[in-house]
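Note sheet for the following structure.
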């Protein structure tokens, strides 16, 4: 993610306009997955739904010179929102000029083809929704538009001109503003200073504070929030207010396209309504919005058209947001992908009178509530849920790294309330953020592996380096660590091998229960399959595994039993065999499938 | 597959060699600085360096001057590797020195004085550690406060008077020689050796690196980060208590202003010895060389009768140069390893 711009285009891999669903399967030598694409978790994809399958947008060359409706500042609606219920008396979205057009955009990172032929067409004054699972390429796409990454292949046209921003500033200047999920505001500056950050109006180097405050006031009024004082410190604003400031910043740059990455994730229900009102105001002024959300009902309410991404490709473009049945939308997002090749499960859970782990009514205020679950010996339990559903917090609380407000965690009959007790009881955890939470990057592999167990190797306080190296070497062999050199600094390893080091740490400690938080994040395809095999082998050896992943196929493919978590609560539990991707995805995204839908 | 493992092996030996080279280079660089300083001494005062007895005495003078600050630097190195900083070392020395030389303490004899100095050092270190670990104060702030407060207490106890040590055993430490080597130098050698073993061969040292390198990872691996942090500051306090006795012995007295600015010298020595200020990496041997470089400079200026002002300017320049060189070398080496 961090590696930004200027990567030379990959050697020509001509992305045909309509790539076959799974072009090249046999990608690389991942050991132990000889059995062909066996699992085929998704019944949905194979029979592609009948609605217009054209992945590429109609190539109507936009002849119009595309001036957005009115470059002059629109009249300020003071106070009353301009009738949000009927948004436009103007011609339908299909008649508005196209402002942004992406054709066959490709972006590769080492080991990952994050974007693999994306098509996208955005018209002036529309709310264009982007839909796709985690890892589908939405974030990368946003970053390409925002000037953080440079596309390797394909063309982007913006207002009729070829567009390749090399920096976020360039994208901003061109009129594309991005509002990230974690708002990039400076807490200790005022609303006005944030709105004009980086391009403050000035005279001979002195900020023109009054002018800035005045302009900010105008913009806030335009956004329907004249009550926010321009001088107020951003720190004192609630989340919804901060979002308004982010939008004010976009408008201060005269943005004609605003990209919003899950803007509703941080908002309460009534605040979402307000956000939608603002979005309608913006689109009424001819500004285009790209709206990303996992919540289908929001997309139905605010969206005009939908583009669906899967595995870095556009699987459906320009579907009507309201008219498309949920089933079709979900089926476009799902399906077996080359990234998930799961080893056959050799052993199931081993029945015991007592579960290895028992969690009862565990609650942490504002994070999760009344969670009860158990894990048996040799069982793999998967928790599916979106980022922010409380899953990582739950795992850390089980591990004793966070203090529970109420409820109990019991491992083999013993209560666990601290990390020390958890480790003693035989729990190990591979946390979500490998580098910041698990590894000493400059230390050698073997010391990272023995971080939880070096005291066990030691004799009266003196470390036994030779013993540690030997033990770490054995684990490295077992996990097929590459390179196999345990004296190498962990920093020099690939993401997948770093993860193996973290898992290996707990193997050395004789762990009976492993908590895995996003075990394959930032791991390339081949190493993923190896990690899956490792997890299965562990379970076969009697270790209980509780894993969290935002990638639904991973949860389904790995687990024996699946728990679905949404907004801090367990909403469903079932054996993995009885669930399919669409169902889980739907449960994760607020159960719209179960409600009435347009047929 | 087989070819791959063979290739792995060659890179493994290569990287190992590179890593060893890095350690060697770092210390060699400081040895190089020392050699240059000695050469400057020879060039500026050839008549002195012609006299073998003088050279021998001078070497011991340098080492003796380095002894107390060297002991403090060992403790400081542990604290910095563990992700902290201790600005109060000079003040701890002052309070330990003053407390151990009060009339009441002196009545218990040499053992009582030594015991008092060490306990006072440990206790003040523990207070630092507890404030930082459990009170969640930033190390900089907590030890800055202690630096001010401990000196204040030392002045209070001593009534701003210089307290003369009447104890012959204590005063004799500075003049005793073992096999011709001053006892102070022997103490320094023992502390450095113990520090090296503690850092590189014990679980305590391993925890120190882990806690400083990535506290969150250490915590999630079951290491009691808070307790270890407290122990690190207590260790630093212990070193200060020992240094207080050594300084008292050298001066045959203690006072509230003793060991002034030792914190800066100790931090600087640790840093030019290759200890990362952000924690997680550092060496005891490097820190020792850092101390020796500083005391050699002091000596060089003394034998040439030059002012301390110039001396401080040179010290500052050496600190900057050492850190710049290390950063450059570290970057290029990691790039080599990454390849």
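FYI, it's all coordinate maths here, none of it is from the lab. Keep in mind it's a predicted model, so treat the numbers as computed, not measured. All Cβ positions, glycine included, derive from the backbone under ideal geometry; neighbour counts span all protein chains shown.
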Taking 0.36 nm per intervening residue step and subtracting the Cα-Cα distance, what contour gain separates residue A:365 from residue A:297 on full extension? 21.8 nm
Among B:88, B:236, which comes first, second and so on when ranked by fewest other beta-carbon atoms within 10 Å? B:88, B:236
For segment A:389-431, what ratio Rg/Rh do Cα atoms give with a Kirkwood hydrodynamic radius? 0.94
Inverse of mean 1/r across different Cα pairs in segment A:176-255, Kirkwood, Å: 12.4
Nitroxide proxy distance, nm - points 7 Å out along Cα→Cβ at residue A:188 and residue B:278: 2.0
Projected area averaged over orientations for segment A:434-510, convex hull of C-alpha atoms, nm²: 4.6
In nanometres, the difference between 0.36 nm per residue of separation and the alpha-carbon distance of residue A:200 and residue A:470 is 91.2 nm
Inverse of mean 1/r across different Cα pairs in segment A:345-468, Kirkwood, Å: 16.4
Area projected by the alpha carbon convex hull of segment A:448-563, averaged over all directions, nm²: 7.5
For n ≥ 4 DSSP H runs only, could you compute -39500 (n - 2.57) per run for chain B, divide by its residues and tell me the 222 nm figure to the nearest 500? -27000 deg cm²/dmol
Could you check the simple spin-label distance between residue A:462 and residue B:202, using points 7 Å along Cα→Cβ, in nm with one decimal? 1.2
Inter-part gap, Cα centre of segment A:231-264 to Cα centre of segment B:108-136, in whole angstrom, is 53
Quote the Stokes-Einstein diffusion coefficient, in whole µm² s⁻¹, for segment B:204-282, based on the Kirkwood radius over alpha carbon pairs, a temperature of 20 °C and a viscosity of 1.002 mPa s. 148
Residue A:521 versus residue A:403: modelled label distance in nm, points set 7 Å from Cα along the beta carbon direction: 2.6
Please express the Cα-Cα pair-distance distribution P(r) of chain B as a list of whole percents, one per 10 Å bin, running from 0 to the bin with the greatest distance. 6, 24, 31, 24, 11, 4, 1, 0
Per the C-alpha gyration tensor (a ≥ b ≥ c, the square roots of its eigenvalues), segment B:64-183 is rounded if a/c is under 1.5, else prolate if a/b beats b/c, else oblate; here it's oblate
Per-residue Cβ contact counts at 10 Å, fewest first, order A:96, B:201 as B:201, A:96
Using 0.36 nm times the number of residues separating residue A:487 and residue A:210, minus their current alpha carbon distance, what extension gain do you get? 93.7 nm
Proxy exposure order for A:518, A:393, A:365 (fewest C-beta within 10 Å first) is A:365, A:393, A:518
Shape parameters for segment A:117-192, alpha-carbon atoms, Rg then Dmax in Å: 13.9, 41
Between residue B:119 and residue B:149, what is the FRET efficiency for a Förster distance of 22 Å, r being their Cβ-Cβ separation, to the nearest 0.05? 0.75
